1. When Leu231 is evaluated against the numbered criteria (1) surrounded by 14 or more Cβ atoms within 10 Å (Cβ to Cβ); (2) assigned to a helix (DSSP H, G or I), which criterion, by number, is the only one it fails?
2. Within region 251-271, how many residues are over 11 Å from Phe27 (Cβ atoms) and not in a helix (DSSP H, G or I)?
3. Got at least one residue in region 272-292 being part of a loop (DSSP other than H, G, I, E, B) and basic (Lys, Arg)?
4. What number of residues in region 212-228 are assigned to a loop (DSSP other than H, G, I, E, B) and either closer than 16 Å to His19 by Cβ or at pLDDT 90 or above (or both)?
5. Just give me the residues in region 150-181 being in a loop (DSSP other than H, G, I, E, B), surrounded by 12 or more Cβ atoms within 10 Å (Cβ to Cβ) and without any contact (Cβ under 8 Å) to a residue 60 or more places away in the chain, in sequence order.
6. Given the condition assigned by TED's automatic domain parsing to the domain that holds Phe24, closer than 15 Å to Pro89 by Cβ, in contact with a strand residue (DSSP E or B) (Cβ under 9 Å, 6 or more places away or on another chain) and buried (at least 19 other Cβ atoms within 10 Å of the Cβ), answer yes or no: does some residue in region 200-215 qualify?
7. Within region 299-314, does at least one residue satisfy the condition of being under 30 Å from Thr35 (Cβ atoms) and under 29 Å from the mean Cα position of the chain (by Cα)?
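The values are calculated or read from the model by the stated rules, or taken from the named source; none is laboratory data. Keep in mind it's a predicted model, so treat the numbers as computed, not measured. Neighbour counts are summed over all protein chains in view; Cβ atoms, including those assigned to glycine, are modelled from backbone coordinates with ideal geometry.
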Amino acid sequence: MDIQERHIPQVFFNNVARHGSHPFLGFKEGGAWKTWSWVEVKGKVNTLARALFQMGVAKGDHVALFSPNCPMWAVCDLAILSAGAIDVPIYATNSAAECEYILNDSQCKVVFVGTADHLEIVLSIRDRVPTLTHIVAMYPMAGDDVDGVTSLKAAMELGDGLADPALLAARLQDLGPEDTATLIYTSGTTGPPKGVMLTHRNFLANVLQAEHSHPNIFEARKDVLLSFLPLSHSLERTAGYYLPMHYGCCIYYAESMLTVVDNMKELRPHFAVSVPRLFEKIFDGVHQKVAGAKPLKKALFAWSVGVGARCLDFTLENR
C-alpha cells in the first residue's frame with residue numbers, strides 16, 4: 001500500500017481509525033509487559049498537543065526531546081508534530097554542555113525530559129538557555145514539582161483546559177509535506193554538532209522506499225518490533241518507528257541496552273532494527289554454548305543455521 005498521507009501525524013491518525021483498540025506501543029512496568037492501544041495513544045497525543053498550544057508553541061517553533069527510548073517519546077513526538085512544531089531530539093547520553101548547545105542553537109521553547117537524571121541536567125543549564133520557557137516531565141519523577149517544571153499530570157490538565165478544541169484540527173490541516181518535522185544534531189568531524197533539517201516528506205519518502213523494496217515486510221496487528229537503538233537517530237526513527245507505525249504494527253521498547261537480549265527472549269519480536277555489533281555478541285554467545293554440546297546437537301545447530309540463511313535469501317527477495 002502506498003502512502004497517501006501528507007505528514008507524519010496523518011499516518012498515525014489514519015491508523016487509529018483502522019486499528020482502534022489494538023496495541024500500538026508496548027513497555028515493561030512492574031515486571032510485566034503492557035501496551036497502549038492506538039486509541040489510548042491518540043488521547044495522549046491530542047492532550048499534549050493542546051498543552052503545547054497553552055505553552056505558546058506556534059507552528060515552526062522548536063521543542064526538544066531529551067530522553068531514552070520509551071512510549072512517551074513517540075507520544076511527545078506525535079504531539080509536537082501535530083502542533084505544527086519541529087522536534088529536536090537530544091541523545092539520552094549527551095552531556096549538559098552538549099544539551100545546552102543544542103537547546104540554544106535550535107532556540108527551543110520547550111523540552112520534554114524522560115528521566116530524573118535528564119531533568120537534573122536541564123535544570124542545571126536552564127538559566128543559560130534564554131528561549132526555554134517550559135520543562136515538561138514525560139513521566140512522574142523526582143524533581144517534577146520544582147518551580148519551572150511541568151509534571152506530566154499538570155501538562156495533561158493544561159491540555160484538557162484548552163478552550164478551543166478546533167485549534168488542533170486547524171493546525172493539522174495547515175501542516176504540509178514540505179514543512180520541517182525535525183532538527184537532528186549530528187557530530188561533525190570538527191566543531192560543534194550540526195543540525196540537519198528533515199521534512200515530513202523526507203520521512204514519508206524513506207518509509208515508501210522501504211515499503212516498495214520489501215512490500216510484505218510487516219503484517220498489521222500481528223507483527224511486533226523491539227526498539228532499542230536511539231530514536232534520536234534517523235535510522236531508528238524511520239525504520240523502528242515510522243515504518244512499523246505506517247504498517248499498523250506494535251512497537252515495544254527495551255528496558256535498556258543492557259536488557260535487549262533478555263527482552264528479545266521475552267517478547268520474541270518479529271523485527272528489530274540493530275547494528276552488527278549486537279548480532280555479533282549474540283552469535284558469539286550462542287557459539288560458546290554450542291561448542292560444549294554433544295555432536296548431534298552441533299550437527300542440528302549447523303543444519304538449522306543453514307536453513308535460516310536460505311530462508312533469509314527468500315525473504316529478502318520477497319519470495
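1. Status for Leu231: all satisfied but (2).
2. Within region 251-271, residues that are over 11 Å from Phe27 (Cβ atoms) and not in a helix (DSSP H, G or I) number 5.
3. Initial filter on region 272-292 (part of a loop (DSSP other than H, G, I, E, B)): 273-275, 292.
Imposing the further condition that a residue be basic (Lys, Arg) reduces the set to none.
No; the residues of region 272-292 include none that is part of a loop (DSSP other than H, G, I, E, B) and basic (Lys, Arg).
4. The number of residues fulfilling the criteria is 7.
5. Ser151
6. Yes, region 200-215 contains a residue that is assigned by TED's automatic domain parsing to the domain that holds Phe24, closer than 15 Å to Pro89 by Cβ, in contact with a strand residue (DSSP E or B) (Cβ under 9 Å, 6 or more places away or on another chain) and buried (at least 19 other Cβ atoms within 10 Å of the Cβ).
7. Taking every residue of region 299-314 in turn, at least one turns out to be under 30 Å from Thr35 (Cβ atoms) and under 29 Å from the mean Cα position of the chain (by Cα).
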